[in-house]
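Below you'll find the structure, written out as structure tokens, and then a few comments.
Bear in mind these aren't lab numbers, they're just calculated from the coordinates by the rules spelled out. None of the values given here were measured: they were computed from a predicted structure. Positions of Cβ are backbone-derived with ideal geometry, glycine not excepted, and every protein chain shown enters the neighbour counts.
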Amino acid sequence: MTFKHRFNRGFTLIEVLIALTIIAISLGAIMSASGNQAHQTGYLKHKTLAHWVAMNEMTQLQLNKEWPSVGEKKGSSTMANTEWFWSLTIKETMDDNAREVEIQIFSDKSREQSLTRLTGYVNK
């Protein structure tokens with residue numbers, strides 16, 4: 001009588017643990033990348049809205065019939081249920097019929113970190 005040994009080939013405990021470790025590390029990296037992407041998307045949305053606020057303020061200045069005086073002005077505007085704070089710097093140019101306008105947009109009232117800056121010109 002001959003005994004044949006049957007060896008069932010399967011995964012050993014160490015192989016399973018190594019595979020689980022690789023999967024865990026991979027999932028961690030994917031989660032981190034997804035979190036960073038979500039954060040960047042929010043930041044870009046915030047910056048885009050700030051730029052639109054700057055363009056709206058510049059357009060409002062260009063549509064006004066008043067000739068803007070040289071100096072700085074501060075104010076705020078609301079867009080997308082958010083209050084945006086702006087700082088306007090109006091400078092003379094070599095052309096007496098034009099003024100240079102620089103608008104900076106901030107998300108905080110203390111105006112510490114500018115989100116965007118737009119420069120344009122207003123004509124008489």
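Listed values, structure above:
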quantity	calculated
10 Å Cβ shell holding at most 10 others, DSSP loop, GluC sites (Glu not before Pro): longest site-free stretch of the chain	1-65
Difference of contour (0.36 nm per residue) and Cα-Cα distance, residue 66 to residue 52	2.8 nm
The chain, relative contact order [Cα under 8 Å, separation at least 6], %	19
Residues 32, 77, 110, sorted so that the one with the fewest Cβ neighbours within 10 Å comes first	110, 32, 77
Whole-angstrom gap from segment 15-87 to segment 94-115, using each part's C-alpha centre	18
Rule-of-thumb Rg ratio for segment 13-123 [Cα; 2.2 N^0.38 Å; N residues]	1.75
Simple Cβ-charge dipole of segment 13-123, Lys/Arg +1 and Asp/Glu -1, about Cα centre, in debye nearest 20	200
For residue 108, net neighbour charge (Lys/Arg +1, Asp/Glu -1) across residues whose Cβ lies under 15 Å away	+2
FRET efficiency estimate (nearest 0.05) - Cβ-Cβ, residue 36 to residue 82, R0 30 angstrom	0.85
Cα lying deepest toward the dipole's positive end in the chain, options 12, 44, 62, charges on Cβ	12
Using alpha-carbon coordinates, inclination of helix 13-63 to the longest axis of the chain, degrees	10
